[in-house]
Amino acid sequence: MQTLSRTLLTAAIALLGVATASAADKPTVEITPFIGYRMGGQFDVNNPTAGYDNSADLQDSSSWGVDIGIYRDATSFYEVLYGYQSTSLDTNDPSLKRADMKVEYYQVGGTLLYPMDSWAVPYLSLTVGATRLDAKGAGSGSDTKFSGTLGGGIRVPVGNNFAVSLGVRGYLTAISSDTQFLCASGGGNGSCLIKSSGSTLFQGEALVGFTAIF
């Protein structure tokens, strides 16, 4: 987690260096804390001990995060995105019940704004990065997987330096088929919370953000 945080900070500093070349009359940086509701996320679970395949769903729950934008020009910016969700697994498999999960996204990418002659500005965002899955209870462990996101929505300017955004974002995480993850070891014995037979994990999120532009 510390490595991911350092990587994210390094990316933000590098993008800030790019932004210093922008013209003085253009926006340079924006910061958007957001809250949302994240849905979906299903693991196809292979349970050889029980002799059947099962599934484990991430329960829908609230989420939050922050998006930092470094402007390339007046209608586009590079971005660094962090998103967080605290949830649990919903499954009929007794070995997985009551497993609390923390899902974090560390992403970099860019956003395009589409100014129109109206009160709202549509936008489109694309990022790539990593998903960190951290499990507590029913066996514990954590894993980091490659992921990407696609988001869009509208933002409503409030004066020259503030805006309110309403949007949706899809998160797609790559998980190798027939692999074990969320593994932990203790007392010389190792255990894995999930033995997945699927290849991807998808979540969707509805969000509202509050943007300060500098």
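Read-outs throughout are calculated quantities, based only on the coordinates presented, and are distinct from any laboratory measurement. Treat the numbers as computed from the prediction; the structure is a model and nothing was measured. Every residue, glycine as well, gets a Cβ built from its backbone with ideal geometry; the counts of neighbours run over all protein chains shown.
A few remarks follow.
- For the range 198-214, 3J(HN,Hα) per residue [Karplus equation, 6.51 cos²θ - 1.76 cosθ + 1.60, θ = phi - 60°, Hz, x = Gly/Pro]: x, 10, 9, 10, 10, 10, x, 9, 9, 8, 10, x, 10, 9, 10, 10, 10
- Taking 0.36 nm per residue of separation and subtracting the current Cα-Cα distance, fully stretching the chain between Phe210 and Phe162 would add 16.5 nm.
- If the chain linking Leu150 and Leu172 were pulled fully straight, counting 0.36 nm for each residue of separation and taking away their Cα-Cα distance, it would gain 7.1 nm.
- Ranking of Trp64, Trp119 by count of other Cβ atoms within 10 Å, fewest first: Trp119, Trp64
- Taking other Cβ atoms within 10 Å as a rough exposure proxy, Lys195, Lys136 sort from fewest to most as Lys136, Lys195.
- Under 5 Å from the amide H of Asp60 lie the amide H atoms of Gly40, each residue being 5 or more positions distant or on a separate chain, with H modelled from the backbone and absent for Pro and chain starts.
- Spacing of the two label points (7 Å from each Cα toward its C-beta) at Met116 and Lys102, in nm: 4.1
- Likely footprinting exposure, Glu79, Glu104, fewest C-beta neighbours within 10 Å first: Glu104, Glu79
- Structural descriptor for the range 98-155: relative contact order 38 percent, calculated from alpha carbon pairs under 8 angstrom and at least 6 residues apart.
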